[in-house]
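Report on the following structure.
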Amino acid sequence: MWIIVRVLIAVVVLFLLEYYFTRKLNRVFKTLLPDYPVKKKKVILYLFLVLLNLYPAILIFNAIYAAITKQSVSFPQNIFADYLLLYPFWVLIILILQVSVLFFFIDLLKLVFYPIYKKHKEKLYRLQVKIFFALTVIFLIYIPARIIYDYNSIDIRQVDYKKKNIPKELEGFKIAFISDVQADRYTDEKRLLKYVNNINQLIPDIVLIAGDVITSTPNYIETAAKYIGQIKSTYGTYSCVGDHDNWAYRQDYVRSLNEVKAALNNYNIEMPDNELRFIEIDSSRIGIAFITNTYVSDISETTLRNIATSNKAEFKIFLTHQPQEFLINSAVKNDYDLFLAGHTHGGQITLLFPFIQLTPTLFETTYIKGDFYFNDMLAVVCGGLGMSLAPVRYNSTPEIVLITLKSK
């Protein structure tokens with residue numbers, strides 16, 4: 001029932017956005033291009049609406065069919081469907097969101113200063129239309145270019161964590177932290193290899209992954225394990241459990257997670273599930289709490305408390321998938337040094353807006369990407385590599401975080 005409500009909300013929001021944007025687009029034709037042929041104008045608007053609505057219409061039809069036949073929702077997976085339906089939809093929906101959010105701000109200013117606007121209505125109205133047209137043209141170029149850039153680029157974010165009386169064995173110890181690898185059709189072998197090569201060039205002492213090594217279906221489990229298995233580090237590579245690791249088989253979470261773990265184990269990669277691991281560094285220890293709290297499995301207070309309090313190492317790391325407030329609080333309460341999480345994809349689709357990282361991810365958490373200090377504990381949220389729901393990133397470049405331990 002909740003899924004139906006969400007679909008209906010999405011349809012209503014899409015309709016309202018289309019209505020707002022097409023009204024503004026019509027004003028451009030009437031005000032700036034009054035002699036433009038009516039037939040050509042209609043062709044442009046109809047093509048725009050078809051490209052914007054055909055993909056969600058097919059998805060809704062397939063969802064209804066899947067519900068009736070009790071199958072998984074499917075969508076044609078080939079290059080023609082991608083470039084004729086999928087990518088045009090996402091470019092246009094981002095275009096509408098990006099232009100509308102900026103222009104809606106202008107509309108609000110117009111209301112606030114309406115007495116002034118009323119006196120100079122004719123000039124200011126024409127100026128508004130020009131601004132809307134300019135924004136549309138600019139972002140029609142910028143959005144595809146930025147999507148391509150974010151798909152092909154990887155940022156290396158270097159973070160120094162300084163601690164008083166850090167054991168000398170841990171001075172200069174390097175942790176490569178990644179998340180949301182999410183192997184699938186779009187994060188393919190070429191993209192995975194480039195990511196792994198970038199990690200290996202950092203020569204890390206240990207590599208930690210905040211879960212989500214696949215996106216969905218069992219088809220990419222082996223691919224994910226094979227390339228993650230090529231990561232080189234002195235003390236190994238470890239991952240916590242992510243949401244998507246349970247979704248290789250949508251109706252069988254246990255089988256999904258077991259197959260992901262088994263594939264990783266074949267390449268000597270461990271995925272502890274609500275467990276502690278201790279890494280011996282000469283006479284010192286790094287204690288890593290692998291905490292599983294996903295959409296599929298909520299951790300109980302008892303389990304969380306038992307694991308968090310049992311970590312008595314000289315340096316303590318709390319690794320989980322989602323940067324949930326109660327998990328951060330638990331790590332702070334138990335004197336952890338590092339809290340590491342992913343899940344957010346760095347916002348994945350982040351609209352340009354003054355002073356705010358405007359992204360749908362804000363509905364879930366304010367810890368979107370970056371470093372956050374809680375007393376002496378550093379929380380790091382990694383933007384990861386892969387994608388979810390949308391097969392694109394916008395203003396959210398994939399990243400690898402290299403954390404170097406230093407004495408304070």
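Ala224 versus (1) of a type outside the set (Lys, Arg); (2) over 30 Å from Val99 (Cα atoms); (3) in a loop (DSSP other than H, G, I, E, B): which is the lone unmet condition?
(3)
Residues Leu49, Leu86, Leu59: which one is closer than 20 Å to Phe139 by Cα, out of contact with any Pro (no Cβ under 9 Å at 6 or more places or on another chain), open to solvent by less than 70 Å² (accessible area, probe 1.4 Å) and of a type outside the set (Phe, Trp, Tyr)?
Leu49
Collect the residues in region 76-123 that are acidic (Asp, Glu) and under 26 Å from Asn395 (Cα atoms), keeping them in residue-number order. Working first, answer last.
First, the residues of region 76-123 that are acidic (Asp, Glu): 82, 107, 122.
Result: Asp82, Asp107.
How many residues are in contact with a Pro (Cβ under 9 Å, 6 or more places away or on another chain) and among the charged types (D, E, K, R) when one looks only at region 304-362?
Residues meeting the conditions: 1.
Which one of these is touching a residue at least 24 places away in the same chain (Cβ under 8 Å) and not aromatic (Phe, Trp, Tyr): Asn219, Asn152, Asn246?
Answer to the selection: Asn246.
Which residues, counting only those in region 229-243, are open to solvent by less than 10 Å² (accessible area, probe 1.4 Å) and without any contact (Cβ under 8 Å) to a residue 60 or more places away in the chain? Explain how you work it out, then say what you get.
Here is the first cut: in region 229-243, the residues open to solvent by less than 10 Å² (accessible area, probe 1.4 Å) are 237, 239-243.
Within region 229-243, Thr237, Ser239 qualify.
Restricted to region 66-83, and to residues that are open to solvent by 30 Å² or more (accessible area, probe 1.4 Å) and either in a helix (DSSP H, G or I) or of a type in the set (D, E, K, R) (or both), which residue is modelled with the lowest pLDDT?
Among residues in region 66-83 that are open to solvent by 30 Å² or more (accessible area, probe 1.4 Å) and either in a helix (DSSP H, G or I) or of a type in the set (D, E, K, R) (or both), the one modelled with the lowest pLDDT is Lys70.
Taking region 106-137, which residues are touching a residue at least 12 places away in the same chain (Cβ under 8 Å) and open to solvent by 70 Å² or more (accessible area, probe 1.4 Å)? Before the answer, list the steps.
Taking region 106-137 first, the residues touching a residue at least 12 places away in the same chain (Cβ under 8 Å) are 106, 110, 124-126, 128-133, 135-136.
Tyr125, Arg126, Lys130, Phe133 - these are the residues of region 106-137 that are touching a residue at least 12 places away in the same chain (Cβ under 8 Å) and open to solvent by 70 Å² or more (accessible area, probe 1.4 Å).
Within region 113-150, which residues are closer than 20 Å to Leu102 by Cβ and of a type in the set (Ser, Thr, Tyr)?
Listed by number, the residues that qualify are Tyr114, Tyr117, Tyr125, Thr136, Tyr142.
In this structure, is Ile175 closer than 23 Å to Gly370 by Cα, touching a residue at least 40 places away in the same chain (Cβ under 8 Å) and aliphatic (A, V, I, L, M)?
Considered against the rule, which asks whether it is closer than 23 Å to Gly370 by Cα, touching a residue at least 40 places away in the same chain (Cβ under 8 Å) and aliphatic (A, V, I, L, M), Ile175 comes out as yes.
Is it the case that some residue within region 272-285 is open to solvent by 10 Å² or more (accessible area, probe 1.4 Å), out of contact with any Gly (no Cβ under 9 Å at 6 or more places or on another chain) and touching a residue at least 40 places away in the same chain (Cβ under 8 Å)?
Among the residues of region 272-285, at least one is open to solvent by 10 Å² or more (accessible area, probe 1.4 Å), out of contact with any Gly (no Cβ under 9 Å at 6 or more places or on another chain) and touching a residue at least 40 places away in the same chain (Cβ under 8 Å), which makes the answer yes.
Could you run through region 328-384 and say how many residues are buried (at least 24 other Cβ atoms within 10 Å of the Cβ), part of a loop (DSSP other than H, G, I, E, B) and of a type in the set (Phe, Trp, Tyr)?
1
The values are calculated or read from the model by the stated rules, or taken from the named source; none is laboratory data. No experiment lies behind these values; they were computed from the predicted model shown. Reconstructed Cβ throughout: ideal geometry from the backbone, glycine too, with neighbour counts over all protein chains shown. Accessible surface is based on the protein model in full, side chains and every heavy atom, while ligands, DNA and RNA are left aside. Shrake-Rupley method; radii C 1.70, N 1.55, O 1.52, S 1.80 Å.
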